[in-house]
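**Q** Just passing along the structure, written as structure tokens.
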Amino acid sequence: MRSLPISFHKVPELATPRLRLRGHRVEDFAAMCALWGDPEVARYTLGRPQTSEEVWSRLLRYAGHWSLLGFGYWVVEEKATGDFVGEAGLCDLQRAIDPPIDAPEIGWSLLPAHHGKGYATEAARAILQWAEGEPLHATDIACIMVHENAASQRVAAKLGFARTHTVIYRGELTDVLYASL
């Protein structure tokens with residue numbers, strides 16, 4: 001494990017025509033539990049819904065990403081309503097994948113009520129634009145997804161990601177994709 005100096009980074013707010021991406025707050029915990037406890041969301045991400053204890057650890061992990069790495073996940077909200085749509089962002093999870101992922105990973109998960117609206121593409125595009133102007137010390141962004149997740153495959157294609165290889169990760173056929181910054 002690499003040794004990183006502890007520093008604290010403010011989570012930038014990003015905006016798109018329909019969405020606001022902002023840092024997580026403790027008050028988001030209930031909405032996060034709804035997201036990560038939803039079987040449809042878990043189907044292609046974790047394989048099973050998360051408990052509230054696991055979601056709490058996720059919230060803390062998000063804060064840790066920003067503090068230690070200078071990037072992380074955002075809450076995705078509808079601008080018009082302020083409703084919690086889901087989460088999207090960048091991470092470094094040190095996954096047990098061979099070959100190892102050698103770039104920050106982008107990801108997105110939305111509540112099922114917001115699927116099919118183009119929000120994942122819109123949020124991820126804003127994150128990639130933000131990443132282009134940041135010193136991430138990376139020239140590429142990675143993305144992984146279960147091979148059969150057709151909706152996320154379409155989003156990744158719209159964003160310019162290309163599959164480089166497929167691995168078995170957590171017992172699932174998983175595609176590893178990359179895009180250049």
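Throughout, read-outs are computed from the coordinates displayed, never taken from laboratory work. Bear in mind that the values here come from a model prediction, so they are computed numbers and not experimental data. In this analysis, Cβ positions are derived from the backbone assuming ideal geometry, glycine residues included, and neighbour counts consider all displayed protein chains.
**Q** For the chain, what is the percent of antiparallel DSSP beta bridges, rounded to the nearest 5? Mind showing how you got there, number by number?
**A** Numbers: 31 of 32 bridges.
About 95 percent, rounded to the nearest 5.
**Q** 222 nm [θ] for the chain, helices only, -39500 (n - 2.57) per DSSP H run of 4+, per residue, to 500?
**A** Working: 5 runs with 56 residues, N = 181.
-9500 deg cm²/dmol, from helical runs alone.
**Q** Restricting attention to the range 68-165, which GluC sites (Glu not before Pro) occupy a DSSP loop and are surrounded by at most 14 other Cβ atoms within 10 Å?
**A** Those satisfying the criteria are E148.
**Q** Taking the Cα-to-Cβ direction at R163 and at D140 and moving 7 Å from each Cα, how far apart do the two end points lie in nm?
**A** Output for this residue pair reads 1.6 nm.
**Q** So for each of 45-51, 68-74 I average, over its residues, the number of other beta carbons within 10 Å; can you give me the resulting order with the highest mean first?
**A** On the way: 45-51: 15.1, 68-74: 21.0.
Top to bottom by mean Cβ count within 10 Å: 68-74, 45-51.
**Q** Here's a follow-up. Specify whether the C-alpha gyration tensor of the range 83-181 places it in the rounded, prolate or oblate class, a ≥ b ≥ c being the square roots of the eigenvalues: rounded for a/c under 1.5, otherwise prolate if a/b is larger than b/c and oblate if not.
**A** oblate
**Q** At 0.692 mPa s and 37 °C, plugging the Kirkwood radius over alpha-carbon pairs of the chain into Stokes-Einstein gives what diffusion coefficient in µm²/s? If you can, show how the numbers build up before the last one.
**A** On the way: Rh = 16.6 Å.
Taking Rh from Cα pairs, D becomes 198 µm²/s.
**Q** Between G160, F29, H9, whose Cα lies farthest towards the positive end of the dipole of the chain when Lys and Arg beta carbons carry +1 and Asp and Glu beta carbons carry -1, centred on the Cα centre?
**A** G160
**Q** Related question: Of the peptides 162-173, 89-100, how do they stack up when ordered by the mean number of other Cβ atoms within 10 Å, highest first?
**A** Output ranking for 162-173, 89-100: 89-100, 162-173.
**Q** Sequence gap at least 6, Cα distance under 8 Å: using those rules, report the relative contact order of the chain to the nearest whole percent.
**A** 19
**Q** Apply 1/(1 + (r/R0)^6) to the Cβ-Cβ distance of E27 and L173, taking R0 = 45 Å, and write down the FRET efficiency to the nearest 0.05.
**A** The calculated FRET efficiency here is 0.75.
**Q** How many angstrom lie between the C-alpha centres of the range 21-66 and the range 157-179?
**A** Using only Cα atoms, the two centres lie 22 Å from each other.
**Q** When the expected Rg is taken as 2.2 N^0.38 Å, what fraction or multiple of it is the alpha-carbon Rg of the range 132-172? Mind showing how you got there, number by number?
**A** Working: Rg = 12.3 Å, N = 41, 2.2 N^0.38 = 9.0 Å.
For the range 132-172, the normalised Cα radius of gyration comes out at 1.37.
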